[in-house]
Amino acid sequence: MPSTVSEAVATVRTSSISGLVDHLLSEPAIDPRLASALHAVQEAIAEPVADGPFLSVLLRTQGRRLEPIKDALLCLAGQTSQDFEVIVIDHDSDPVGAAAVRKIIASQPASFGGRIRILEVKGGNRARPLNAGIHAATGRYIAVFDDDDLLFGNWVAEFERVAETSSGRLLRGVVAVQNVAPEKWPQAQEGFRTISWPKAAYPREFDQLAHFEVNYSPFMSWAFPRSLFVTYGLEFDEDLTVCEDWDMILRGSTMCGVDDVNALTAIYRRWEGGASSYTDHSKDSWAWSEARVWEKLDGSTLVLPSGSVTDVRWLLAGRGARNELNALVHSPAWRLARPLRGFVRAVRYGRALAGKARRRVRW
Amino acid sequence: MPDVRSLVVQSVLFGNAPREIVRAAEAVATSVKWARAEGLIGEWSLLLGDCSDVEVLDASHQADIRSLVLDQGGSFEYHVFGANLGSAAGHNALAPKAVSDLILILNPDAVVAPDAVEALARVVVGSVGIAEARQVPLEHPKDYEVATGNTSWASTACALTPRLAFDRVHGFDSKTFFLYCDDVDYSWQLRLAGYRVVYEPAARVFHDKRLTVTADWPASSAEVYFSAEAAIFLAHKYSRPDLVSKLVRQFRAEGTEVARKVVESFERRRSEGTLPLPVDSSHTVAQFIGGNYAVHRF
């Protein structure tokens, strides 16, 4: 339930937690002691002032995708808004890969390269480098951009635009999917071939309930407010082998709310025939991680966005219809009518065959 | 290893943001620095030709760019044309203003990767007449041969060409192609002259193209007009009267203002006798495939 705070120029949408506190404070008969405590909460959860840039970009790499990471860095260098820092997190690269990544970073133009830092992280799952990154970040927002994806030139600028009327809420852009396949390039580099046009495969608007079922938002869709980590103290779940993004998206979105960017800002590369998180981890690993995310969320208290009651009622109506259908197909009447349904199907089939024969004769 | 060669980087400006031009200059100066460190490039210069009504770069921006170029051992020239020549004529006007072995044709706001010039310089040898960098984030769908990089034509958003090849085909056909397909034509002219046209995926350039929220191409009215006009001129120039007739019929059937103007433009040029002389009568280089000028990967 996002609340709004009127300002001179624009209405700023605040976090769900802030909205909940506002809602409690709006009760005329509230106990003054509770009101006082809630005001203290409001003060404590106010968006922290950051001296740093607008955005901290966490770029995880294992030093194994050297050509894609050059694309990724170039996409950052080409951003219309350059109000960001880049934290390249070298996670368990071997010495050759680590040296290659450092050489690539050292080759960047001074005005861009001066805003890139390297963190070296050893061990742990996919979440460990992210936690190292959020502790090092100085931006008002934090985004994660992996080393094999692409950004349009508006990625940072669109986050900035929406952040002007958003406080403490997650920002979500639209990401396209594009297929690529590994390929040796003419000069013998371990390259790739792009084999499809980008497809807008993910929903344009964030749907909280739909995200409970599956993650419809690749990592670089998101800019997480600094307060999520600094004030509320959230950290990425280092026990998860995968789904660390989905876990943070669900915990963050239910706590803070989401503002849609409503622009296509990035491309998620789907690798055909190469290594990816889908091939690097077993089905069991995915199933275990998904179950853990689900169970954690099931065990927590949620604040849902406005409109959720309508959505839940619609889903429940669907459940009612499914129950009725289920009851019908298991009823004695349905079983007794089985021969009759078979007869009707046979008649329809016979008519269709006769129709085909007539058409053949006519032509 | 190719010899050390001299290079001119040239861009044609039209109403760009000065900040973007400075950033592009820094990127290309950095890229030339690494190519020089590899012994691939020697003397070099950056030439900017401004076709805008109002000069894009003030003294301060020019000083910034000059400093970035000088730091990497290059020289900088800023030419104000005072008229919108279009990209083809703009590059033709810039080319004679310097002497070099190689010319890098570059979109004014395109950000080249640090190793782009090096990657292009390595492949522009022997019979290669032009090498095109891979554009990100939106890669052109043209197909290319895996082992050789051979392709039908090269986009000049960022492409390296030997000056000898440029001069041999007399640069871009600016009389026929104002804004679009000048690069398709230049590529095919090179191939007719016996050169290879290659795509070099390891050379990358950020070209700030964007899609709609539904991942569709947001074509501007200028793009619609000039690309339609170029399509009909290209079909004429490469000896495809059947395709010219088909396009004229198609545009007339569309009946839009743009389609009508395109047909008028072509008919006027034909009646004036100012259309280019048809070439490639045996269709050895030109490809017209479903509105494209190459086999597309997607």
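The values are calculated or read from the model by the stated rules, or taken from the named source; none is laboratory data. This one's a predicted model, so the numbers in the text were calculated from it and none came from an experiment. All Cβ positions, even for glycine, are placed from backbone atoms using ideal geometry, and neighbour counts span all protein chains on display. Areas reflect the complete protein model, heavy atoms only, side chains present, ligands, DNA and RNA absent. Shrake-Rupley method; radii C 1.70, N 1.55, O 1.52, S 1.80 Å.
Using every alpha carbon pair in the range A:4-45, what percent of pairs falls into each 5 Å bin from 0 up to the bin containing the largest distance?
Each 5 Å bin holds this share of Cα pairs: 6, 22, 27, 23, 15, 6, 2.
With the contact rule set at Cα under 8 Å and sequence spacing of 6 or more, what percent relative contact order holds for the range A:169-246?
31
So what is log10(I(q)/I(0)) for the protein assembly as shown at q = 0.11, 0.12 1/Å, when the Debye sum runs over its Cα atoms only?
Taking Cα atoms of the protein assembly as shown as identical point scatterers yields -1.14, -1.26.
Only helical DSSP H runs with n ≥ 4 go in: add -39500 (n - 2.57) per run for the protein assembly as shown, normalise by residue count and round the 222 nm mean residue ellipticity to 500 deg cm²/dmol.
Per the formula, -13000 deg cm²/dmol.
Could you tell me the distance between the Cα centroids of the range B:1-72 and the range B:249-271, to the nearest Å?
Value for the Cα centre distance between the two parts: 40 Å.
What is the distance in Å between the Cα centres of the range A:97-128 and the range A:258-331?
Value for the Cα centre distance between the two parts: 34 Å.
Just want the answer: with Cβ charges of +1 for Lys and Arg and -1 for Asp and Glu, which residue in A:Ala50, A:Gly113, A:Pro32 is farthest toward the dipole's positive end in chain A?
It is A:Gly113, whose Cα lies furthest towards the positive end.
Pick from A:Leu24, A:Leu66, A:Leu55 the residue whose mean-square fluctuation is largest in a GNM of chain A, springs joining Cα atoms under 10 Å.
Largest GNM mean-square fluctuation: A:Leu24.
By accessible area of protein heavy atoms, probe 1.4 Å, what ranking do A:Arg115, A:Arg64 get, highest first?
Descending order: A:Arg64, A:Arg115.
What distance in nm lies between label points placed 7 Å from Cα along the C-beta direction at A:Tyr349 and A:Leu209?
4.0
Give me the mean projected area, in nm² to one decimal, of the convex hull enclosing the Cα positions of chain A.
On the way: hull surface 118.5 nm².
Answer in nm², one decimal: 29.6.
By accessible area of protein heavy atoms, probe 1.4 Å, what ranking do B:Lys175, B:Lys33, B:Lys142 get, highest first?
Descending order: B:Lys175, B:Lys33, B:Lys142.
Per 0.36 nm of contour for each residue apart, how much would the distance between A:Ile30 and A:Asp280 grow if the chain were fully extended, relative to their Cα-Cα spacing?
Gain on extension, A:Ile30 to A:Asp280, equals 84.6 nm.
What is the Cα coordinate range of the range B:211-298 on the first, second and third principal axes, sorted by size from largest, in whole angstrom?
Principal extents (Cα only, largest first): 44, 32, 20 Å.
In what sequence, highest mean first, do B:114-127, B:71-84, B:267-280 appear when ranked by Cβ atoms within 10 angstrom?
Put in order of decreasing packing, that is B:114-127, B:71-84, B:267-280.
About the Cα centre of the range B:45-174, what is the dipole size in debye to 20, counting +1 per Lys and Arg Cβ and -1 per Asp and Glu Cβ, all else neutral?
Working: 7 positive and 17 negative charges, 78 e Å.
Rounded to the nearest 20 debye, it is 380 debye.
Per residue of B:134-145, count partner chain C-beta atoms within 10 Å of its C-beta, then hand back the mean as an integer.
Average per residue, whole number: 5.
Need the C-alpha centroid separation for the range A:156-185 versus the range B:121-173, integer Å.
Comparing the Cα centres of the range A:156-185 and the range B:121-173, I get a distance of 31 Å.
Seen from all sides and averaged, what is the projected area of the convex hull of the Cα atoms in the range B:86-176, in nm²?
About 6.7 nm², averaged over all directions.
Considering all projection directions equally, how large on average is the shadow of the alpha-carbon convex hull of the range B:78-126, in square nanometres?
Mean projected area of the Cα convex hull: 4.5 nm².
For A:Ala317 and A:Ala333, compute 0.36 nm times the residue count separating them, minus their Cα-Cα distance, and round to one decimal in nm.
Residue separation times 0.36 nm, minus the Cα-Cα distance, leaves 3.3 nm.
How large is the charge dipole for the range A:3-154, taken about the Cα centre, if only the Cβ atoms of Lys, Arg (+1) and Asp, Glu (-1) carry charge, to the nearest 20 debye? Please list the in-between numbers first.
Numbers: 14 positive and 19 negative charges, 103 e Å.
The calculated dipole for the range A:3-154 is roughly 500 debye.
Inside 10 Å of the C-beta atoms of B:20-32, what's the mean count of C-beta atoms belonging to other chains?
Numbers: counts 3, 0, 1, 6, 1, 1, 5, 7, 1, 2, 8, 2, 0.
Counting Cβ atoms of other protein chains within 10 Å of each residue's Cβ and averaging gives 3.
Under 14 Å Cα-Cα from A:Lys184, which aspartates and glutamates qualify once same-chain neighbours fewer than 8 residues away are excluded?
Counting by Cα, and skipping residues close in sequence, A:Lys184 has these aspartates and glutamates nearby: A:Glu67, B:Glu145, B:Glu200.
Taking the Cα centre of the protein assembly as shown as origin, sum charge times position over the Cβ atoms of Lys and Arg (+1) and Asp and Glu (-1), and report the length of that vector in debye to the nearest 20.
Around 3700 debye, computed over the protein assembly as shown.
Please state the shape class of the range A:238-289: rounded when a/c is under 1.5, otherwise prolate if a/b exceeds b/c and oblate if not, all from the C-alpha gyration tensor.
Values: a/c = 3.92, a/b = 1.29, b/c = 3.05.
In terms of gyration-tensor shape, oblate.
Counting partner chain Cβ atoms within 10 Å of every residue's Cβ in A:76-87, what's the average?
Counting other chains' Cβ atoms within 10 Å and averaging over A:76-87 gives 3.
Relative contact order of chain A, please, whole-number percent, based on alpha carbon pairs below 8 angstrom and at least 6 residues apart. Walk me through the numbers before you get to the answer.
Numbers: 586 pairs, mean separation 70.2, N = 363.
Reported as a whole number, the value is 19 percent.
Please report the net charge: other residues with Cβ closer than 15 Å to the Cβ of B:Trp217, K and R +1, D and E -1.
That sum, taken over residues with Cβ under 15 Å, equals -1.
Which angle between 0 and 90 degrees, to the nearest 10, do you get for helix B:221-237 versus the longest principal axis of chain B when only C-alpha atoms count?
70
Plugging the Kirkwood radius over Cα pairs into Stokes-Einstein for the range A:205-262, at a temperature of 10 °C and a viscosity of 1.306 mPa s, what D comes out in µm²/s?
133
Provide the packing ranking of A:333-339, B:53-59, i.e. peptides ordered by the mean count of other C-beta atoms within 10 Å per residue, highest first.
B:53-59, A:333-339
Pick out, from B:Ala113, B:Asn92, B:Tyr199, the residue whose Cα sits farthest towards the positive end of the charge dipole of the range B:5-206, with +1 on the Cβ of Lys and Arg and -1 on the Cβ of Asp and Glu.
Selected residue: B:Tyr199.
Would you mind checking B:Lys97/B:Lys237; B:Lys142/B:Lys261; B:Lys175/B:Lys237; B:Lys33/B:Lys209; A:Lys199/B:Lys142 for any pair whose Cα atoms are more than 20 angstrom apart?
Violating the 20 Å limit, Cα to Cα: B:Lys97/B:Lys237; B:Lys142/B:Lys261; B:Lys33/B:Lys209.
Quick check for you: which residues of the range B:4-34 have the amide N under 13 Å from the point 7 Å beyond the Cα of B:Ala59 toward its beta carbon?
Once the point is set 7 Å along Cα→Cβ of B:Ala59, nothing inside the range B:4-34 turns out to lie under 13 Å by backbone N.
Could you point to the residue in B:Ala157, B:Tyr225, B:Val22 farthest towards the positive end of chain B's charge dipole, with +1 and -1 charges on the Cβ of Lys/Arg and Asp/Glu respectively?
B:Tyr225
Remind me, relative contact order of the range B:54-161 in percent, using alpha carbon pairs under 8 angstrom and six or more residues apart?
Computed over the range B:54-161, the figure is 28 percent.
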